[in-house]
Amino acid sequence: MEQPVKGAGRVTRLALLTAIALTIFMVEAQIPALTTVPGVKLGLANIVTVYVMFSMGPGDALLVLSGRVFVGAVFGGERMSRLYSAAGGCRSWCGLSLR
């Protein structure tokens with residue numbers, strides 16, 4: 001297990017991981033829908049949430065998740081994407097928190 005990162009290093013690491021999650025989210029938004037059900041996606045950006053959960057803890061994972069959902073909604077421009085993304089991310093986070 002890694003040593004806990006504190007201070008500016010922690011903030012920098014969280015910002016980079018949020019940027020990675022946001023990039024994956026935006027690339028995934030460009031992939032055509034696999035089903036006819038609106039809002040269904042693979043949820044690949046949750047991979048970053050899983051990584052942060054196991055490497056930095058649940059609080060930091062929630063910060064990365066919240067940042068990705070908020071900034072993704074701003075960049076994506078779709079109102080419902082924020083709700084679907086938040087619901088899927090929170091479900092992923094809650095499931096991982098039970099470990």
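Remarks
- In the set (1) of a type outside the set (Ser, Thr, Tyr); (2) modelled with pLDDT under 85; (3) surrounded by 11 or more Cβ atoms within 10 Å (Cβ to Cβ), residue 47 fails one condition alone, (2).
- Evaluation of residue 54 against the conditions (1) open to solvent by 60 Å² or more (accessible area, probe 1.4 Å); (2) touching a Ser or Thr at 6+ places or on another chain (Cβ under 9 Å); (3) of a type outside the set (Val, Ile, Thr) shows that the sole unmet condition is (2).
- Boolean, residue 24 is under 24 Å from residue 95 (Cβ atoms), among the aliphatic types (A, V, I, L, M), under 14 Å from the mean Cα position of the chain (by Cα) and surrounded by 15 or more Cβ atoms within 10 Å (Cβ to Cβ): yes
- In segment 64-90, the residue that is nearest to residue 22 (Cα to Cα) out of those that are surrounded by fewer than 17 Cβ atoms within 10 Å (Cβ to Cβ) and modelled with pLDDT of 85 or more is 71.
- When we screen 18, 35 for residues that are buried (at least 18 other Cβ atoms within 10 Å of the Cβ), among the hydroxyl-bearing types (Ser, Thr, Tyr) and either touching a residue at least 12 places away in the same chain (Cβ under 8 Å) or assigned to a loop (DSSP other than H, G, I, E, B) (or both), the only hit is 18.
- Tally of residues being over 12 Å from the mean Cα position of the chain (by Cα) and assigned to a helix (DSSP H, G or I) across segment 38-72: 4
The values are calculated or read from the model by the stated rules, or taken from the named source; none is laboratory data. Everything quoted here is computed from the prediction, not taken from an experiment. Neighbour counts run over all protein chains shown; Cβ positions are idealised from the backbone, glycine included. The accessibility values were calculated without ligands, DNA or RNA, using every heavy atom of the protein model including side chains. Shrake-Rupley method; radii C 1.70, N 1.55, O 1.52, S 1.80 Å.
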